[in-house]
Amino acid sequence: MTARPLPLNLAPTLIAWQRVHGRHSLPWVGSRDPYRVWLSEIMLQQTQVSAVLGYYERFLERFPDVAALAAAHQDEVLALWSGLGYYSRARNLHRCAQVVVDQHGGRFPGHSVALADLPGIGRSTAAAIAAFCFDERCAILDGNVKRVLTRALGNGDDLAEGRHERALWQQAEALLPAQDIAAYTQGLMDLGASLCSTRRPACDACPLASLCVARAEGQPEAYPVKTRKLKRGQRAHALLWLDHKDSVWLVQRPQTGVWAGLWALPEFESDRDLWDQARDWPGVGRPMPTVQHALTHFDWTLRPCHWLLPDSLSTAHRQQVENGLPSGRWVMREQALSMGLPTPIRRLFEAGPPR
């Protein structure tokens, strides 16, 4: 595609708009504390602001600084994160805090290149922290910003190709203003999260309307272009909700893979495997409605079964049942809700067992 001249008035126009119409009420906007900015940036990855607000406040209440987060046990971090999804972010958050404390004396590096070397912090997040907290003149390029810039510039190159994404980075850097970098960076984020939405963007209200190539073409939703689609996989498993005296048997997932480090129900390859395991158990087993759960790379069909062991079960007989299960422990259901649980498991417990 033939390169178009960059609009020199993009940055000052966006800065002026942000000062009046930006999302100034968000608790992290305007902060120059790297810990708070970093926390918000990680939480906002692939997550709506409305979902993040409560988690952000609870995290700060429990972990007011990076040292408090670094000193916490991973289980507590995952428990506070439970329900926000993409749990690798929480594990990287915890690990990053430990690295900042152990290797940087509890202070975040003051440059984007050093920040990008920390666990879970990529180039765009590092640039956002550096711009907001240290006034570094560096470009961000998250999903919202890609949408704003490709539309404004009429960049129809396929961003699935690395060379085209690298070219967009170069354009983003060339557009950087000489000053007011924080307002400019926040303006890009705010515009992409509001008027310049993925579908049905509010072009007539956009501050960049007069210079936006996509608007002039009448097809803003055609940008950005990314043809390579992720091929989604399909998985199916049976889950065992085993109850005894108001306690449930939970297992901790491995530290790698899906739901790493979270507490969940025992998993079986099939309903038949589950029922074969439970064939000689006392009590009553009841299939529950199937749960469809979408993850980043695959769709997961979960078929839970609730099994209620009798209160009168002897210790020896209960031990016999436990011996056939994945390693875990009994947890009171109320206590389980305060642990790091995957969203589908949490919803099951909140709804309660079948009657």
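Values quoted throughout were computed directly from the atomic coordinates according to the rules given, and no laboratory measurement underlies them. The structure displayed is predicted, hence computed values, not measured ones. We place every Cβ from the backbone using ideal geometry, glycine too, and count neighbours over all the protein chains shown.
Could you work out how far helix 10-21 tilts from the main Cα principal axis of the chain, as a 0 to 90 degree angle to the nearest 10?
For 10-21 against the chain, the angle is about 60 degrees.
How big is the shadow of the Cα convex hull of the range 10-222, averaged over all directions, in nm²?
Values: hull surface 46.2 nm².
Approximately 11.5 nm², given one-decimal rounding.
Report for the chain the percent antiparallel among DSSP-assigned beta bridges with both residues inside it, nearest 5.
On the way: 18 of 30 bridges.
So the antiparallel bridges in the chain amount to around 60 percent.
Can you list the HN-Hα couplings for the range 280-292, worked out from phi with the Karplus curve (6.51, -1.76, 1.60; θ = phi - 60°), rounded to whole Hz and with x for Gly and Pro?
Per-residue couplings from phi come out as 9, 6, x, x, 10, x, 9, x, 10, x, 5, 10, 9 Hz.
Between residue 160 and residue 301, how high is the FRET efficiency from 1/(1 + (r/R0)^6) when r is the Cβ-Cβ distance and R₀ = 30 Å? Nearest 0.05.
Numbers: r = 29 Å, r/R0 = 0.97.
It comes out at approximately 0.55.
Among 292, 45, 171, which one shows the highest mean-square fluctuation when the chain is modelled as a Gaussian network with alpha-carbon springs under 10 Å?
Result: 292 has the largest fluctuation of those listed.
Taking the alpha-carbon distance from residue 226 and a cut-off under 16 Å, which aspartates and glutamates remain once sequence neighbours fewer than 8 residues away in the same chain are dropped?
142, 157, 158, 161, 165
Can you give the helix-only mean residue ellipticity at 222 nm for the chain, where every DSSP H stretch with n ≥ 4 adds -39500 (n - 2.57) and the sum goes over all residues, rounded to the nearest 500 deg cm²/dmol?
On the way: 16 runs with 155 residues, N = 355.
Per the formula, -12500 deg cm²/dmol.
Mind telling me which of 295, 240, 39 comes out most flexible in a GNM of the chain, alpha-carbon contacts under 10 Å?
Highest fluctuation among the options: 295.
Rounding to the nearest 10 and keeping the result within 0 to 90°, find how far the Cα-based axis of helix 49-62 lies from the longest principal axis of the chain.
Taking the Cα atoms of the chain, the angle to 49-62 is about 70 degrees.
Under a crude label model (7 Å from the Cα following the beta-carbon direction), how far is residue 75 from residue 332 in nanometres?
About 1.5 nm separates the two model spin labels.
If amide hydrogens are placed 1.01 Å from N in the peptide plane, which non-local residues have theirs closer than 5 Å to the one on residue 340?
79, 263
What is the local net charge at residue 164, summed over the other residues whose Cβ is closer than 10 Å to its Cβ (Lys, Arg +1; Asp, Glu -1)? If you can, show how the numbers build up before the last one.
Numbers: positive: 163, 166, 226; negative: 157, 158, 161, 165.
Neighbourhood net charge equals -1.
Top mean-square fluctuation among 298, 63, 108, Gaussian network model of the chain, C-alpha springs under 10 Å?
Top of the fluctuation ranking is 298.
Could you give the radius of gyration (one decimal) and Dmax (whole number) of the Cα atoms in the range 233-351, in Å?
According to the Cα coordinates of the range 233-351, Rg and Dmax are 14.0, 44 Å.
Relative to the longest principal axis of the C-alpha atoms of the chain, give the angle of the C-alpha long axis of helix 162-174, reported between 0 and 90° and rounded to the nearest 10°.
Result, in degrees: 50.
Taking the Cβ of residue 53 as the centre, find all other residues whose Cβ is under 15 Å away and add up their charges (Lys, Arg: +1; Asp, Glu: -1). Write down the numbers at each step before the final one.
Values: positive: 23, 36, 58; negative: 41, 57, 61.
In short, 0.
Here are some values of volume of the Cα convex hull per residue in Å³: (i) 134; (ii) 197; (iii) 156. Which one was computed from this structure?
Among (i) 134; (ii) 197; (iii) 156, the one calculated here is (iii).
Could you list 38, 307 in order of exposure, starting from the residue whose Cβ has the fewest other Cβ atoms within 10 Å? Working shown, then result.
Details: 38 27, 307 22.
Neighbour counts put them in this order, fewest first: 307, 38.
Using θ = phi - 60° and the Karplus form 6.51 cos²θ - 1.76 cosθ + 1.60, what ³J(HN,Hα) does each residue of the range 77-94 get, whole Hz, x for Gly and Pro?
Going residue by residue, I get 5, 5, 5, 5, 7, 3, x, 7, x, 6, 5, 4, 4, 5, 5, 5, 4, 5 Hz, with x marking Gly and Pro.
Residue 311 label point, 7 Å along Cα→Cβ, cut-off 16 Å on backbone N: hits in the range 329-346?
The answer is 333.
Normalising by the residue count of the chain, find the relative contact order in percent from Cα pairs under 8 Å and 6+ residues apart.
Numbers: 519 pairs, mean separation 63.6, N = 355.
It rounds to 18 percent for the chain.
Give me the distance in nm between label points sitting 7 Å out from Cα along the Cα-to-Cβ direction at residue 347 and residue 20, one decimal.
4.3 nm
Using modelled amide H (1.01 Å from N, peptide plane; none on Pro or chain starts), what sits under 5 Å from the amide H of residue 241, excluding residues fewer than 5 places away?
Sorted by chain and number, the residues that satisfy this are 305, 306, 307.
If I model a spin label at residue 219 and residue 45 as a point 7 Å from the Cα along the Cα→Cβ vector, what separation in nanometres do I get?
With each label placed 7 Å out from Cα toward Cβ, I get 3.3 nm.
With r as the distance between the Cβ atoms of residue 294 and residue 320 and R0 = 41 Å, compute the FRET efficiency 1/(1 + (r/R0)^6) and round to 0.05. If you can, show how the numbers build up before the last one.
Working: r = 37 Å, r/R0 = 0.91.
Working from the Cβ atoms, E equals 0.65.
Can you give the net charge of the other residues whose Cβ lies under 13 Å from the Cβ of residue 260, counting K and R as +1 and D and E as -1? Let's see the in-between values first.
Working: positive: 89, 91, 95, 253; negative: 75.
Summing Lys/Arg as +1 and Asp/Glu as -1 gives +3.
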